[in-house]
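Contents: one structure, followed by commentary.
Read-outs throughout are calculated quantities, based only on the coordinates presented, and are distinct from any laboratory measurement. Since the model is a prediction, treat every value here as computed from it, not as a measurement. Note that we place each Cβ from the backbone using ideal geometry, even for glycine, and neighbour counts take in every protein chain shown.
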Ligand code: ACO
């Protein structure tokens, strides 16, 4: 399997508070804070998503002491791609000066974990010795800014890990429950002269049934943590730190109370990040890693859910 050799992240410069949102939306800091825990988010303006992703990757490479030319593979994850083609992984490859193959995974907010699962297979087969996983999202470019029920939830950013050979990943398990309606991002309208029906739903915007997503998220996160702990041969109490997908503080707290895990074991950044989709876990991982939170031997769990519907968990020994 693998070992994490370095972590990195990059956030856009511009921050937007809940109060600023309430200047053009019928919302309030009180509503957003109480329902989600979000106070402020970073919003992309003149930056590019590939630029953010490359900066996160460079930070992770620097920490790991690995040079871009040494990478055997780059897996990028995004649900809010800068271009449909080329993939963001290919753009990062060019920007950091790597020469290895690169490809993207589109698995919404579970993308980072899905990439770690794929990475596991590459390491197991002996085809890679060092690789980069980079997750980058600019969801604020894919929300309807007149829809207060979705646009207040999201933020932008990128996070990355450099992986090398090792046996630190103890278990990983992903799930998909194919679903068209609960949460997603519509495709673009296009301008084909052969279209016969007007499809106003093709507006490149995020749609979500908030309450269904909430219920799914709490069930999936807690079930996945229990499942991967069992696969790793440990109990949930042995988990020292949990890096959950940052979608809503209430989802994290409900998972915490269901599993009776002390809240301080959860790594959270939702207050100042908003939901950065697949980038949320590597961003929070890097922030906490640079603070020195993780000590050698600590058991760290990951858990995520997202559009697809997809979810999963992983257990890692630091
Ligand atoms: N400001 C003020 N009022 C609002 C806002 C807002 N930003 N948004 C909605 N409301 C109103 C609604 O219109 C509704 O008003 P009404 O009672 O007059 O009809 C009221 O607030 C309650 O709305 P609900 O949707 O029932 O609010 P709920 O308590 O379910 O909270 C929320 C909404 C925060 C979205 C919650 O359902 C949730 O967190 N769901 C999970 C979301 C999630 O995890 N998304 C991530 C998945 S997507 C991904 O990760 C890619």
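Points worth noting:
- GNM flexibility winner over the chain from 162, 85, 134 (Cα, springs under 10 Å): 85
- For the pair residue 167 and residue 271, the difference between a 0.36 nm per residue extended length and the Cα-Cα distance amounts to 34.1 nm.
- Using R0 = 35 Å, the C-beta based FRET efficiency linking residue 124 and residue 34 works out to 0.20.
- For the chain, calculated [θ]222 nm from helices alone, where every DSSP H run of n ≥ 4 adds -39500 (n - 2.57): -9500 deg cm²/dmol
- Taking every DSSP beta bridge that has both ends in the chain, the antiparallel portion is near 70%.
- Using a cutoff of 8 angstrom between alpha carbon atoms and counting only pairs six or more residues apart, the relative contact order for the stretch 213-318 works out to 37 percent.
- Residue separation of residue 204 and residue 240 scaled by 0.36 nm, minus their Cα-Cα distance, works out to 9.0 nm of gained length.
- Net length gained if the chain between residue 195 and residue 230 were fully extended (0.36 nm per residue, minus Cα distance): 7.5 nm
- Computed from the C-beta positions of residue 69 and residue 14 and an R0 of 35 Å, the FRET efficiency is 0.55 to the nearest 0.05.
- Simple spin-label estimate for residue 62 and residue 291 in nanometres, 7 Å along Cα-Cβ: 2.1
- Share, in percent, of DSSP beta bridges within the stretch 180-318 that are antiparallel, nearest 5: 70
- Per-peptide average of other Cβ atoms within 10 Å, ordering 258-264, 191-197 highest first: 258-264, 191-197
- Mean sequence separation of contacting Cα pairs (under 8 Å, at least six apart), scaled by the length of the chain, corresponds to a relative contact order of 25 percent.
- With all pairs of separate Cα atoms included, the chain yields a Kirkwood hydrodynamic radius of 19.5 Å.
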